[in-house]
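Here is the structure we will look at, set down as structure tokens.
The values are calculated or read from the model by the stated rules, or taken from the named source; none is laboratory data. On a predicted model such as this, the values are computed, not experimentally measured, just so you know. Neighbour counts are summed over all protein chains in view; Cβ atoms, including those assigned to glycine, are modelled from backbone coordinates with ideal geometry.
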Amino acid sequence: MTDRLSFVDVCSGAGGLASGLESAGFSPVLLLDNKQQACETLLANRPHWKVVCEDLIDFLPDEHPEAFDVDLLSAGLPRVKSSAAVGRTDSDQELRLLMATVYLVHSIQPRALLLENLPALVESPAYADIRDFIQKELVHLGYRFCWFVLNAADFGVPQERRQGILVALKEEWFHGFAPPEPTVNEHVPVGRALLRSMKARGWRGAEDWAAHASAVAPTLVGGSDNRGGADLGPSGTKRAWARMGVNAGAMADEVPGADYEWPRSDDPSQMIKITVDQAALLQSFSPEWRVTGRKTARYRQIGHATPPPVGEVIGTAIATALRSFPVRGADGPYAPCRAG
């Protein structure tokens, strides 16, 4: 059996990225998050993992020597605002976390780095200054890198979720890396993904509803800690859910029962609601993965997570590169590997 690779994961949240990397052959030596509820979720599922509940900006790797010289540093970071927004009170924290992650590369010297964020970080000119900062730091440290965008729906996740990805590797392993290719030929619609759970309490109309819910889900949005209760997103997202017969304004406590009559109404208030457990299915968490806390806290953890299948395919691509024969002297830090 091939030896497992080691990684440190920061801003771990509910563990979507970490569990995907685990499936790809990585074992964490340390996971870091500043939210107590997220730390409880991680330990509820993997009691043997070392989870540090601390702010990334305050994290001192010298106090955790096992973090040095790992194979991979991974981070599913809060969505960074563009350069034009930097300086506003509500945007500085996300940028500081990104910079802290890059500076952590200086300290622990992983063989590879994986950053997951919004697609605009890869594609938009508004983020050019941030990309330039990251790239200069990585070149200085001897890494080569590539930026690309993936859609989670291309990897079996029943959700349109475009993600901006940066993968960097030490020069001698970079030649072995290629961005993952889609693993499914057909996207999974909401109805198919949730049919079994919708039938769990004997709802006779579940099959009809599933046939109606024939599109993939819009992107799940976890929202802010300063926002109200759990819902499925902004107005445009709610309209997309309504077309599938789902009231996206709130989360249900349970799925419909045997006596429920689906009204087939155009009024969202008359439509069914999905549960938090069903949101986890749409994010492609394993049914065995337990997200702890009350309803709103659970949904926010799920909505902010990287779908585990995406973590797995990127992890597999990185593992392939790290297990390749090292080659020195490759030309330049850039790579023709944009995707999506």
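Things to note:
- Test result for residue 20, small (Gly, Ala, Ser), buried (at least 21 other Cβ atoms within 10 Å of the Cβ) and farther than 16 Å from residue 109 by Cβ: yes
- Residues in the stretch 245-281 that are more than 24 Å from the chain's Cα centre (by Cα), aliphatic (A, V, I, L, M) and crowded, with 17+ Cβ neighbours inside 10 Å: 255, 271, 272.
- Candidate set from the stretch 265-287 (those that are in contact (Cβ under 8 Å) with a residue 40 or more places away in the chain and assigned to a loop (DSSP other than H, G, I, E, B)); member that is farthest from residue 310 (Cα to Cα): 274
- A single member of 24, 38, 18 is over 21 Å from residue 279 (Cα atoms), under 19 Å from the mean Cα position of the chain (by Cα) and not hydroxyl-bearing (Ser, Thr, Tyr), and it is 24.
- Pair list, Cβ < 9 Å and 6+ apart or interchain, from the stretch 123-141 residues that are of a type in the set (Gly, Ala, Ser) to residues that are in a helix (DSSP H, G or I) and surrounded by 14 or more Cβ atoms within 10 Å (Cβ to Cβ): 126/120
- Within the stretch 191-206, the residues that satisfy the criterion of being touching a helix residue (DSSP H, G or I) at 6+ places or on another chain (Cβ under 7 Å) and farther than 15 Å from residue 309 by Cβ are 191, 192, 194, 195, 197, 198, 199, 206.
- The residues of the stretch 55-82 that are over 13 Å from residue 33 (Cβ atoms) and outside any loop (DSSP other than H, G, I, E, B), listed by number, are 61, 62, 63, 65, 66, 67, 72, 73.
- When every residue of the stretch 24-43 is checked against the conditions, at least one turns out to be over 27 Å from residue 296 (Cβ atoms), touching an Asp or Glu at 6+ places or on another chain (Cβ under 7 Å), at pLDDT 95 or above and among the β-branched types (Val, Ile, Thr).
- Residue in the stretch 297-320 that is without any contact (Cβ under 8 Å) to a residue 40 or more places away in the chain and out of contact with any helix residue (DSSP H, G or I) (no Cβ under 6 Å at 6 or more places or on another chain) present: no
- Restricting the first member to the stretch 159-175 and to residues that are at negative phi and assigned by TED's automatic domain parsing to the domain that holds residue 147, and the second to residues that are assigned to a strand (DSSP E or B) and of a type in the set (Asp, Glu), the beta-carbon pairs closer than 6 Å and six or more apart or on different chains are 163/116; 165/116.
- Selection within the stretch 290-302 - under 15 Å from the mean Cα position of the chain (by Cα) and either surrounded by fewer than 21 Cβ atoms within 10 Å (Cβ to Cβ) or not in a helix (DSSP H, G or I) (or both): 291
- Checked against the criteria, residue 179 counts as farther than 20 Å from residue 8 by Cα and in contact with a Cys (Cβ under 9 Å, 6 or more places away or on another chain).
- On the stretch given as the stretch 136-182, residues that are buried (at least 18 other Cβ atoms within 10 Å of the Cβ) and under 15 Å from residue 115 (Cβ atoms) total 18.
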